[in-house]
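Working notes for the structure below.
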Amino acid sequence: MNRMTELAAFLRAHDDYALFGHVNPDGDAAGSCIALAKALQALGKRTFVYLPGGLPELYKVFPCTVEIADGRDLPFAPQTGFSVDVSEPHRLGDGRALFEACVNRAVLDHHATNPGFGEVCVVDGDAAACGELAVALIRELGVEMDSEMAQWLYIALCTDSGRFGYSSTRAETLEAAADCLRAGLDVDGVTQQLYRTRSEGRTRLLGLVLAGLEMNADKTMCWARLTDEMLSRAHALREDNEGVVNYLLEIRGVQFACLAEERGSGQTKFSLRSKGRVDVARDVAVPLGGGGHACAAGVTLNLDMEEALQTVLRTAEAALKNLQEQE
């Protein structure tokens, strides 16, 4: 029995599900959780989705018939916890205690650094998105994908694969997207909302962040800051920073980029990106207590912004220097 078949058997055997995404949920976490919750409902299971911080505003325009709960008002006491797109237990945020209180626990993830923290764990670090694994699991469960599931799975797939443009995109990624199309996906409608519509606050925030970008002497590294004051000036939401770091990485010649985000109480959160030379998970995030993928990772440091930024930049600079010496 392969791991996906084992996971499908586990899911069929249990009930009363809470599906957990990670803190600051993105399109992959939200989309995968919602689609899998609908698949479990199709099998007659009771489900709800728990997203720490709630569903981001960007995704609230899309139809969703699954209940998304928070810790204040649960529809029922879950017996089975299903962690989806969560790289490690602390990334469950305020949902961790609820997940760990579940009698049965399972994990589906595409972060290679995932240590496995359930009875059944399917982790495929080569998958471009957890949505890709969610599609495979839905096939294994024998559930027919409907248009709502297709919509959320496509959101998961295209957001985490960079619109199918990152090096992590593989045949299975495109095959999963094809399944969504066959199920009645409105590609133009989803794309319009995700990539052709932007709030005024996000637009203004983008300008403020990019105006302050900095680079090292040989212009292989680029970084910028996002402060609470910028959010206030732009009248932007915290979630409006999603994807901003990619603009830094897109500068010609840049091999490493990071966005330092002020998070209060002396904490600084980093979004780390690479064009492939530096493994930002292995060489930068993990040594500092974070995790992620080779080209996209993150870490939060209990340091004020400037001290934290220098720590991350020193670590990245050492990784780049080590690569140069090996070439």
Are there any pairs with C-beta distances below 7 angstrom linking a residue in the stretch 307-327 that is at negative phi to a residue that is acidic (D, E) and modelled with pLDDT of 95 or more, with the two at least 6 apart or on different chains, and if so which? A319/D283
Looking at (1) at pLDDT below 95; (2) under 24 Å from L301 (Cα atoms); (3) open to solvent by 70 Å² or more (accessible area, probe 1.4 Å), which is the one condition that is false for R96? (1)
Considering the stretch 60-84 alone, what residues qualify as being in contact with a Pro (Cβ under 9 Å, 6 or more places away or on another chain), assigned to a strand (DSSP E or B) and at pLDDT 95 or above? S83
For the stretch 268-294, which positions are in contact with a Gly (Cβ under 6 Å, 6 or more places away or on another chain) and farther than 16 Å from R314 by Cα? G292
For the stretch 135-171, name all the residues that are open to solvent by less than 10 Å² (accessible area, probe 1.4 Å) and in contact with a Phe, Trp or Tyr (Cβ under 8 Å, 6 or more places away or on another chain). W152, I155, L157, C158
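Going by the conditions given, is A13 within 22 Å of A128 (Cβ to Cβ) and without any contact (Cβ under 8 Å) to a residue 40 or more places away in the chain? Before the answer, list the steps.
Values: within 22 Å of A128 (Cβ to Cβ): no; without any contact (Cβ under 8 Å) to a residue 40 or more places away in the chain: yes.
No.
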R105 versus (1) of a type outside the set (V, I, T); (2) open to solvent by less than 40 Å² (accessible area, probe 1.4 Å); (3) touching an Asp or Glu at 6+ places or on another chain (Cβ under 9 Å): which is the lone unmet condition? (2)
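Considering only residues that are assigned to a helix (DSSP H, G or I) and either closer than 18 Å to N241 by Cα or touching a Phe, Trp or Tyr at 6+ places or on another chain (Cβ under 6 Å) (or both), which ones fall in the stretch 172-189?
Here is the first cut: in the stretch 172-189, the residues assigned to a helix (DSSP H, G or I) are 172-182, 187-189.
The one that is assigned to a helix (DSSP H, G or I) and either closer than 18 Å to N241 by Cα or touching a Phe, Trp or Tyr at 6+ places or on another chain (Cβ under 6 Å) (or both): C180.
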Can you name the residue in the stretch 59-79 that is within 22 Å of G184 (Cβ to Cβ) and either among the aromatic types (F, W, Y) or touching a residue at least 12 places away in the same chain (Cβ under 8 Å) (or both) and is also surrounded by the fewest Cβ atoms within 10 Å (Cβ to Cβ) among such residues? P63
Answer yes or no: is there a residue in the stretch 46-56 that is free of Cβ contacts under 8 Å to residues at least 40 places away in the same chain, farther than 25 Å from G290 by Cβ, open to solvent by 30 Å² or more (accessible area, probe 1.4 Å) and in contact with a Pro (Cβ under 9 Å, 6 or more places away or on another chain). yes
When residues of the stretch 118-141 are filtered for being part of a loop (DSSP other than H, G, I, E, B), among the acidic types (D, E) and touching a residue at least 60 places away in the same chain (Cβ under 8 Å), how many remain? 1
The condition of being open to solvent by 70 Å² or more (accessible area, probe 1.4 Å), under 19 Å from the mean Cα position of the chain (by Cα) and modelled with pLDDT under 95 holds, among R238, R277, only for R238
Picked from the stretch 1-29 (must be at pLDDT 95 or above and within 13 Å of D109 (Cα to Cα)), the residue most open to solvent (accessible area, probe 1.4 Å) is M4
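Within the stretch 297-326, work out how many residues are open to solvent by 20 Å² or more (accessible area, probe 1.4 Å), among the small types (G, A, S) and out of contact with any Phe, Trp or Tyr (no Cβ under 8 Å at 6 or more places or on another chain).
So the answer is 1.
Any chance you could count how many residues in the stretch 108-134 are at positive phi and buried (at least 19 other Cβ atoms within 10 Å of the Cβ)?
Let us first name the residues in the stretch 108-134 that are at positive phi, namely 116.
Subsequent filtering for residues that are buried (at least 19 other Cβ atoms within 10 Å of the Cβ) retains none.
Adding up the residues that qualify gives 0.
The values are calculated or read from the model by the stated rules, or taken from the named source; none is laboratory data. For clarity, every value in this text was computed on a predicted model and none was experimentally measured. Every residue, glycine among them, receives a Cβ derived from its backbone with ideal geometry; neighbour counts consider all protein chains shown. For the accessible areas, the whole protein counts, side chains as well, though only heavy atoms, and no ligand, DNA or RNA atoms are used. Shrake-Rupley method; radii C 1.70, N 1.55, O 1.52, S 1.80 Å.
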